[in-house]
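Report on the following structure.
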Amino acid sequence: MSSDRSRTPGEEPAVQYTSVRVSALGMRVRADGRSGREAWRLLWRRNPMVACAGAAYVALLVALVIAFAARVV
């Protein structure tokens, strides 16, 4: 873990967490209290395989919606 010069001596390091919630309608990523694009960037830096899998899942959902819409119309 890298040292953070902004911390005062004796202060505990900040807790880092990332959560990924997957549902039938998409994904929600939260990292260190952030959501949206910033959370995706943090997730990509910490675990690129999970970020790629999440992007592929969202792309698959979009493709299914487009295929369904094309079939209905």
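Scanning the range 63-73 for residues that are open to solvent by 70 Å² or more (accessible area, probe 1.4 Å) and part of a helix (DSSP H, G or I) yields 64, 65, 66, 68, 70, 71, 72.
Checking each residue in the range 36-62 for being among the small types (Gly, Ala, Ser) and surrounded by 13 or more Cβ atoms within 10 Å (Cβ to Cβ) picks out 39, 51, 53, 54, 55.
Within the range 20-31, the set of residues being open to solvent by 50 Å² or more (accessible area, probe 1.4 Å) and not aliphatic (A, V, I, L, M) comprises 21, 23, 28, 30.
The values are calculated or read from the model by the stated rules, or taken from the named source; none is laboratory data. Source: prediction; values computed, not measured. Methodologically, a virtual Cβ is constructed for each residue, glycine included, from the backbone with ideal geometry; neighbour enumeration extends over all protein chains shown. Note: accessible area is taken over every heavy atom of the protein model, side chains too, but ligands, DNA and RNA are not part of it. Shrake-Rupley method; radii C 1.70, N 1.55, O 1.52, S 1.80 Å.
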